[in-house]
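Scroll down for the structure; my scribbles are underneath it.
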Amino acid sequence: MSTLVLVGAQWGDEGKGKIVDCLAEAADMVVRYQGGANAGHTVVVKGREYKLHLVPSGLLNHKVCVIGNGVVVDPAQLLSEMDRLAAEGFDVGRLYLSDCAHVILPYHKRLDAVEEDRRGDRKIGTTGRGIGPAYRDKFSRTGIRMADLLDAAVFREQLAAHLEQVNTFLERVYDQEPLHFAEVLESYIGYAERLRPHVTDTSLLVNRAIDAGQRVLFEGAQGTLLDIDHGTYPYVTSSSPTAGGACIGAGVGPTRIGRVIGVAKAYATRVGDGPFPTEIEGAEGDWLRERGREYGTTTGRPRRCGWLDLVALRYAARVNGLSGLALTKLDTLGGLDRVRVCVAYECDGRRLEEWPHNTALLARCRPVYVDLPGWSEDVGGVRRLEDLPVAARDYVTFVEEHAGLSMSIISVGPDRDQTILRGSLF
Ligand code: GDP
Ligand code: IMO
Ligand code: MG
């Protein structure tokens, strides 16, 4: 089967955009299946940087792109992204949007902000894109889907009912200004008209492409440890970035998934709150942040930096059923005397080899490190595994052995070309 799911194996920002862009060359279709504009996927083509939030990264490769039913769509954000891409000569006519995708409304973003504010010390550190409140509406069966938005009469009725409820909440509980029905209605009817040509039954589209033997690439957003079920709950996002989410969020059956590739940085980062066992505090962490330019693509926040965590990676391999790994940012580690890798945790006097689900316990876990020799050479120009410095190659082998995964791709720089590909993936 010529289908491939690409998932984040850590806390997001692993370099999924770059890897999707590399693989998309060989694909016919690229499909986003969950999340929303909380994602920020960076693709660098010949030195030019593109930041994509909702549009699948495959559009830069001129492929058919799909935003599946599992995505929560902010129409204004999507249209501005499409306009920017169209102005640069990309064909946005190849972009399709599921009629079942839920719509982000202005009150979702307002609620995201006020709820975070109310959490105080226990804040999640969300991106403020309305993701949690939009998925909450979806699961409480009060959401508005693209198909509803396209039907003006239905949308008007649903919006009126919703706003009445939400405004009561905003005013009485959060002491906030209410939203104006006429303003929201008018702007959203405008978005609907512009998006109408792109909205379709994308499950049908994707399944027909698979039937026709086309190569379909599923682009995950966020990462395994931010998954609503498998992540560091409650410090997670509100969707299922793990591989199973691709089936639900694109409307394809599990029998139609060929391979699953996890993307992990050669170290670890996390943006937002929540436990992060291998976090490096102080100068070394700051060095890694500056060297790796670790600032959020969506919010610009500094990312917390740490060493590669193999307990977490083995967990990601298990819950996603990974067939292989794409290791990114190997170049960033160059220049260190030694590189640390976490192989187990120590907690309450016990050694843990497996990822614990108890978030409070995870926060008490101390990493057990193995120190490996560093390398000083710049690996950005390397295109074959055998041309890497011995210490960098040994690092890769160590990760493969301890994660029980083979390395399908090694990325040595942000550009499309700065990639070591080990055979064809489709
Ligand atoms: P995503 O959300 O998983 O797509 O990742 P982001 O785009 O948010 O963050 C990854 C960052 O690392 C981006 O700025 C990429 O351009 C950059 N990047 C990706 N791969 C590499 C690599 O191998 N080396 C370096 N130096 N940068 C990379
Ligand atoms: P990409 O696709 C990194 C984090 C937020 C916060 C938590 C919940 O670029 O890898 P949300 O706004 O989703 O309710 O925030 O999830 N988060 C991400 N972190 N990369 C992302 O996406 C993220 N999307 C959400 O920082 O901790
Ligand atoms: Mg990102």
- Are there any pairs, at least 6 apart or on different chains, whose C-beta atoms fall under 9 Å, with the first in the range 108-121 and outside the structural domain of Glu177 (by TED's automatic domain parsing) and farther than 22 Å from His162 by Cα and the second modelled with pLDDT of 95 or more and within 16 Å of ligand 1 (Cβ to nearest atom), and if so, which? none
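Quick check on the range 38-54: of everything there that is in a loop (DSSP other than H, G, I, E, B) and surrounded by fewer than 24 Cβ atoms within 10 Å (Cβ to Cβ), which residue is farthest from ligand 1 (Cβ to nearest atom)?
Out of the qualifying residues, it is Lys46.
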- Filtering the range 275-323 down to residues that are on the phi > 0 side of the Ramachandran plot and at pLDDT 95 or above, which residue is nearest to ligand 1 (Cβ to nearest atom)? Arg293
- Query: Restricting the range 278-296 to residues that are more than 20 Å from Arg364 (Cβ to Cβ) and of a type in the set (A, V, I, L, M, F, W, C), which is surrounded by the most Cβ atoms within 10 Å (Cβ to Cβ)?
  - Reply: Leu288
- Query: Tally time: how many residues in the range 138-188 are at positive phi and in a helix (DSSP H, G or I)?
  - Reply: 0
- Item | Pair list, Cβ under 7 Å, 6 or more apart: the range 302-316 residue hydroxyl-bearing (Ser, Thr, Tyr), other residue modelled with pLDDT of 95 or more and not in a helix (DSSP H, G or I) | Tyr315/Trp355
- Message: Could you tell me how many of the residues in the range 55-76 are touching a Ser or Thr at 6+ places or on another chain (Cβ under 9 Å) and either at positive phi or assigned to a loop (DSSP other than H, G, I, E, B) (or both)?
- Response: 3
- Task: Return the pairs, sorted by first residue and then second, in which the second residue is modelled with pLDDT under 95 and part of a loop (DSSP other than H, G, I, E, B), the first residue lies in the range 29-57 and is more than 17 Å from Ala76 (Cβ to Cβ) and within 11 Å of ligand 2 (Cβ to nearest atom), the beta carbons are less than 9 Å apart, and the residues are 6+ apart or on different chains.
- Result: His41/Thr297; Thr42/Thr297
- Positions within the range 193-219 being surrounded by 14 or more Cβ atoms within 10 Å (Cβ to Cβ) and either closer than 17 Å to Leu6 by Cα or free of Cβ contacts under 8 Å to residues at least 24 places away in the same chain (or both), in sequence order: Val206, Ile210, Gln214, Arg215, Val216, Leu217, Phe218, Glu219
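The values are calculated or read from the model by the stated rules, or taken from the named source; none is laboratory data. Fair warning: this is a prediction, and the values are worked out from it, not measured in the lab. So basically every Cβ, Gly included, is an ideal-geometry build from the backbone, and we count neighbours across all protein chains shown.
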